[in-house]
1. With a ≥ b ≥ c taken as the square roots of the eigenvalues of the C-alpha gyration tensor of the range 1-41, please select rounded if a/c is under 1.5 and otherwise prolate if a/b is larger than b/c or oblate if it is not?
2. Sorted by packing (mean other beta-carbon atoms within 10 Å per residue), highest first, where do 28-40, 10-22 land?
3. Considering only protein heavy atoms, what is the solvent-accessible area of residue 24 at a probe of 1.4 Å, reported in Å² to the nearest 10?
Amino acid sequence: MEVEAAYYGAPPGWIGRRVQVQWDTFQVRLIDPKTGQLLREHLRQKRGWHRSQEEDRPPRTPLATNQLLTRASHAGANIGTLCQALHVRQGQVGVRRPGGAFPG
């Protein structure tokens, strides 16, 4: 879900489906349009940033991500530590972010 150029994750099974969205200065809420049930509530993010809940992220780290993390650690201890921290904190979003710290 995109709100003012920031992106928010939907729960599994809701990707590609219509949801109602409410937002204010602090939060973005995804709501089931049929039942009114709150699906997700996210803190607002800056333009270009992403937010998703940990339980919505894939349980396994993709092989390509592990390869990038290994390459980063070989590029230097500091860059490896930074990339690992980004991955732990932001998951796949940190890996995919344009201009991110992962060496290409």
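1. Values: a/c = 2.01, a/b = 1.32, b/c = 1.52.
Oblate shape, in that a/c is at least 1.5 and b/c is the bigger or equal ratio.
2. Numbers: 28-40: 14.1, 10-22: 12.2.
Packing proxy ranking, top to bottom: 28-40, 10-22.
3. For residue 24, solvent-accessible area is about 60 Å².
The values are calculated or read from the model by the stated rules, or taken from the named source; none is laboratory data. If you're wondering where the values come from, they're calculated on a predicted model, not measured in any experiment. All Cβ positions, even for glycine, are placed from backbone atoms using ideal geometry, and neighbour counts span all protein chains on display. Quick note on the areas: whole protein, heavy atoms, side chains included, nothing else; ligands and nucleic acids left out. Shrake-Rupley method; radii C 1.70, N 1.55, O 1.52, S 1.80 Å.
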